[in-house]
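Note sheet for the following structure.
Derivation of every value follows stated rules applied to the coordinates shown; laboratory data play no part. Keep in mind the model is a prediction, meaning the values are calculated, not measured. FYI the Cβ positions are ideal-geometry reconstructions off the backbone, even for glycines, and counts take in every protein chain you see.
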Ligand code: 13P
């Protein structure tokens, strides 16, 4: 099934597909194992930094190989690309989805580049995600409360969003409704679900929820009911990776075989992904 067909199915059946960031092979493997175990479609995604680290062609080839080996559908997404050039590299490499993030650019420039990305991507059947209102935070552990951190950052306005979607022709809109990137030491990540409901009413496209780490489970589930079909997760996997690796290294001072040291790390990340798959309702969806 294509990305378009998967998103259509998710919208109709009210589940979301997890878009999980990969920064190394172990994370890739953990996500695929979780997908196979839960019989869930998955989106593998890489930010510009992660893409540079792994290489566009390697990411696409790994997805193809793992998909065949484990019999699971894997879509590949470029996450938060900041330029047309980055998008073109991923389009040429065969990504299934491209997220052009022009939210830090003046609106007119954001729209102009998003349109160019749409034109190029659509020729190859690739879907494009756009971002108008900058989604606060970054995929790390932040001190303090999310509420305080984002209180002056404007959230997505339903009418402006509708206009942005129409003008650019994007397929997916990355909304900002309180969903900051990262985990906050004092919590406080709360979604403005009324706003999300209004965005779903005014816009004629798929909606994605970035900053999935740290958002309370009940709110994520509500957001999916209101039309979110893609939820992005990075920080919670990064946190599991660091914690487990630190422990494994401390407990096995004489072990030097990487794959032995990495086994428990993969298992830890896999657990995080499996919990998210349950939360998003995408388990079992491979079979209909
Ligand atoms: P988190 O790091 O909060 O999970 O967000 C990831 C994300 O939105 C990537 O685009």
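Key figures for this structure:
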item: Inter-part distance where region 102-131 and region 217-287 are each reduced to a Cα centre, Å; result: 30
item: Viscosity 1.306 mPa s, 10 °C: Kirkwood-radius Stokes-Einstein D of region 114-215 over Cα pairs, µm²/s; result: 112
item: Degrees, to the nearest 10: 107-123 long Cα axis against longest axis of the chain; result: 70
item: Rounded if a/c under 1.5, otherwise prolate or oblate - region 62-177, Cα gyration tensor axes; result: oblate
item: Reduced Cα scattering model of region 222-277, Debye log10 I(q)/I(0), q = 0.16, 0.18, 0.23 Å⁻¹; result: -0.56, -0.65, -0.88
item: Tail weight of P(r) past 20 Å, computed on alpha-carbon pairs of region 165-288, percent; result: 54
item: Radius ratio Rg over Rh of region 23-121, counting only Cα atoms, Kirkwood formula for Rh; result: 1.02
item: Distance (nanometres) between label positions extended 7 Å along Cα→Cβ at residue 254 and residue 271; result: 2.7
item: Fraction of alpha-carbon pairs over 16 Å apart in region 16-61 - percent; result: 34
item: Net lengthening on full extension, residue 14/residue 287 (0.36 nm per residue, minus Cα-Cα); result: 96.7 nm
item: Where only C-alpha atoms are counted, convex hull volume of region 180-220 per residue in Å³; result: 70
item: Extension gain, residue 58 back to residue 218 (0.36 nm per residue minus Cα-Cα distance, nm); result: 54.0 nm
item: Within the chain, helix-based [θ] at 222 nm, where runs of 4 or more DSSP H residues each add -39,500 (n - 2.57), nearest 500; result: -16000 deg cm²/dmol
item: Whole-percent pair-distance distribution, where bins are 10 Å wide, for the alpha carbons of region 47-95; result: 27, 53, 19, 2
item: Dmax and Rg, reported as Rg then Dmax, of the chain (C-alpha, Å); result: 18.1, 60
